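This report refers to the structure that appears directly beneath it.
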Amino acid sequence: MERRASHPSSPKWPGGDARRFIALELPSPLPPAYNPSFLDLALTEGSVKRIKAIYPGSFDPPTNGHLDLIERGSKIFDELVVAILRNPEKNPLFSVADRRKMLEAMTSGFDNVSVDTFDGLTVDYALRVEARAILRGIRAISDYEYELQMALMNRKLQPGLETVFMMPAEKYSYLSSRLVREVAQLGGSIECLVPDLVEQKLREKIDVAHKFANRQPSAGKSKLKKKKL
Ligand code: PNS
């Protein structure tokens, strides 16, 4: 089957011809049940389409589990945007600017990964940046129900956008930003759970919070005394 010859001017994939071979070995046209838009796009022959994905989240703070997923995502997508939600309703430990800086430093080694911020609906943001997939991590069965709900709602809102789930390494399956914050705030070790720079930022944040907390009672006492006098 010399179908390759019929597309002599096809541009080359950056990583070689592996994807063209996959495309040629699948039946064409694919039966509808096996023809979701994500695959459809990946298998386009003749013109090369790049697959861009977003990895949305709170990242407060970013952890080694996030980094593990970013690395996995960077291997299967042509472009990956780590998208930090600007959520005015939440009371985050780190500002969006701090989270952005940490994520930029953490991902500086990946050529195809960038960091951005967004508000509003994730699907609207994905559309704005012309992404075709949303990357989300599933650590354990407990994540599944929420993630499935979110993926299906996002599909209802934007049927052309696919959610792709990936699993981080088992060693991070218990890891969450909330637990990292809690352990760090209570003085526990977060070594190996977050990159060094995040650990340092967390310690700085917590030291400032402790200093502030230790100053408060004495300030209160002096006010009381003044009132009594
Ligand atoms: O890291 P998180 O907190 O689990 O990320 C959750 C996030 C940001 C992906 C989710 O809350 C989200 O997509 N928020 C944007 C608003 C939105 O699109 N809501 C509808 C989701 S179905």
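The values are calculated or read from the model by the stated rules, or taken from the named source; none is laboratory data. What you are looking at is a predicted structure, and each value in this text was computed from that prediction instead of being measured. Cβ sites come from the backbone with ideal geometry, for glycine too, and all protein chains shown count toward neighbours.
Is it true that some residue in the range 172-184 is among the hydrophobic types (A, V, I, L, M, F, W, C) and farther than 18 Å from Pro61 by Cβ? Show your work before the answer.
To start, the set of residues in the range 172-184 that are among the hydrophobic types (A, V, I, L, M, F, W, C) comprises 175, 179-180, 183-184.
Okay, now just the ones that are also farther than 18 Å from Pro61 by Cβ, so none.
No; the residues of the range 172-184 include none that is among the hydrophobic types (A, V, I, L, M, F, W, C) and farther than 18 Å from Pro61 by Cβ.
Does Ala184 count as in contact with a strand residue (DSSP E or B) (Cβ under 7 Å, 6 or more places away or on another chain), part of a helix (DSSP H, G or I), more than 9 Å from the ligand (Cβ to nearest atom) and not charged (D, E, K, R)? Give the derivation first.
On the way: in contact with a strand residue (DSSP E or B) (Cβ under 7 Å, 6 or more places away or on another chain): no; part of a helix (DSSP H, G or I): yes; more than 9 Å from the ligand (Cβ to nearest atom): yes; not charged (D, E, K, R): yes.
So Ala184 does not fit the description; no.
Suppose we filter the range 96-106 for residues that are away from the ligand (no atom under 16 Å from the Cβ) and out of contact with any helix residue (DSSP H, G or I) (no Cβ under 6 Å at 6 or more places or on another chain); how many remain? First the steps, then the outcome.
Going through the range 96-106, the residues away from the ligand (no atom under 16 Å from the Cβ) turn out to be 97, 101, 104-105.
Okay, now just the ones that are also out of contact with any helix residue (DSSP H, G or I) (no Cβ under 6 Å at 6 or more places or on another chain), so 97, 101, 104.
Residues flagged as away from the ligand (no atom under 16 Å from the Cβ) and out of contact with any helix residue (DSSP H, G or I) (no Cβ under 6 Å at 6 or more places or on another chain) within the range 96-106 amount to 3.
So the check is Cβ under 6 Å with 6+ separation or different chains; which pairs have a first residue in the range 162-191 that's assigned by TED's automatic domain parsing to the domain that holds Ile141 and a second one that's at pLDDT below 95 and of a type in the set (Phe, Trp, Tyr)?
Once the first residue is assigned by TED's automatic domain parsing to the domain that holds Ile141 and sits in the range 162-191, its partners that are at pLDDT below 95 and of a type in the set (Phe, Trp, Tyr) give Glu162/Phe38.
Looking only at the range 70-92, filter to residues that are crowded, with 22+ Cβ neighbours inside 10 Å and either within 18 Å of Leu197 (Cβ to Cβ) or free of Cβ contacts under 8 Å to residues at least 40 places away in the same chain (or both); which one of those is nearest to the ligand (Cβ to nearest atom)?
Filtering first and then ranking leaves Ile84.
Could you give me the residue pairs with C-beta distances under 7 Å whose first residue belongs to the range 48-65 and is more than 9 Å from the ligand (Cβ to nearest atom), whose second residue is of a type in the set (Asp, Glu) and at pLDDT 95 or above wherever it lies, and which are 6+ apart or on separate chains?
Pairs found: Arg50/Asp78; Arg50/Glu79; Ile51/Asp78; Lys52/Asp78; Lys52/Glu79; Lys52/Glu130.
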